[in-house]
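A short write-up of the structure that comes next.
The values are calculated or read from the model by the stated rules, or taken from the named source; none is laboratory data. Every value quoted in this text rests on a predicted model; they were computed, and no experiment measured them. Every residue, glycine as well, gets a Cβ built from its backbone with ideal geometry; the counts of neighbours run over all protein chains shown. The accessibility values were calculated without ligands, DNA or RNA, using every heavy atom of the protein model including side chains. Shrake-Rupley method; radii C 1.70, N 1.55, O 1.52, S 1.80 Å.
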Amino acid sequence: QEIAVDIAERVRKKVEAKQIQYHGQNICVTLSLGVVAWNGKATLDEMIIRADEALYGAKASGRNRVLVTHLR
């Protein structure tokens, strides 16, 4: 899980730092990510659902962040 969070944070920071121009204007782009740790028994479908929940949680809590969730 720590490796996944580290990678997600590095990607998020790179996107945030990137200067994007569109029709002569600078546009700020941010990224929200959901990360889930596999518990050794969850199905792929369960993991996708939980990662999706984490993504929406990251957006709801202010965007431009990584939110980690654990399988139940």
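Ignoring ligands, DNA and RNA, what accessible area per residue does the chain give at 1.4 Å, in Å²?
Details: 5510 Å² over 72 residues.
I get 77 Å² per residue for the chain.
Report, to the nearest whole %, how much of the accessible area of the chain belongs to carbon and sulfur atoms, 1.4 Å probe, protein only. Provide the component values of the computation, followed by the final result.
Numbers: 3050 of 5510 Å².
Carbon and sulfur atoms account for 55 percent of the accessible area of the chain.
Pick out, from Gly62, Val35, Met47, the residue whose Cα sits farthest towards the positive end of the charge dipole of the range 1-63, with +1 on the Cβ of Lys and Arg and -1 on the Cβ of Asp and Glu.
Sorting the options by dipole projection puts first Gly62.
Step through the residues of the range 25-40 one at a time and calculate ³J(HN,Hα) from phi using the Karplus curve (6.51 cos²θ - 1.76 cosθ + 1.60, θ = phi - 60°), rounding each to whole Hz and writing x for Gly and Pro.
Calculated HN-Hα couplings, in order: 10, 6, 10, 8, 10, 10, 9, 10, 9, x, 10, 10, 9, 6, 9, x Hz.
As I understand it, the value is the acute angle between the Cα axis of helix 2-17 and the longest principal axis of the Cα atoms of the chain; what does it come to in degrees, rounded to 10?
The two axes meet at around 20 degrees.
Compute the long axis of helix 44-60 from its Cα atoms, compare it with the longest principal axis of the Cα atoms of the chain, and write down the angle in degrees, 0 to 90, nearest 10.
40 degrees
Can you list the trypsin sites (Lys or Arg not before Pro) in the range 1-62 that are in a DSSP coil and have 16 or fewer other beta carbons within 10 angstrom? Intermediate values should be presented prior to the final figure.
Numbers: sites: Arg10, Arg12, Lys13, Lys14, Lys18, Lys41, Arg50, Lys59; in loops: Lys18, Lys41.
Passing sites in the range 1-62 are Lys18, Lys41.
Using only the Cα atoms of the chain, construct the convex hull and provide its projected area averaged over every direction, in square nanometres to one decimal.
On the way: hull surface 22.3 nm².
Mean shadow area of the hull around the Cα atoms is 5.6 nm².
Magnitude of the Cβ-charge dipole of the chain, K/R +1 and D/E -1, about the Cα centre, nearest 20 debye? Let's see the in-between values first.
Numbers: 11 positive and 8 negative charges, 46 e Å.
Around 220 debye, computed over the chain.
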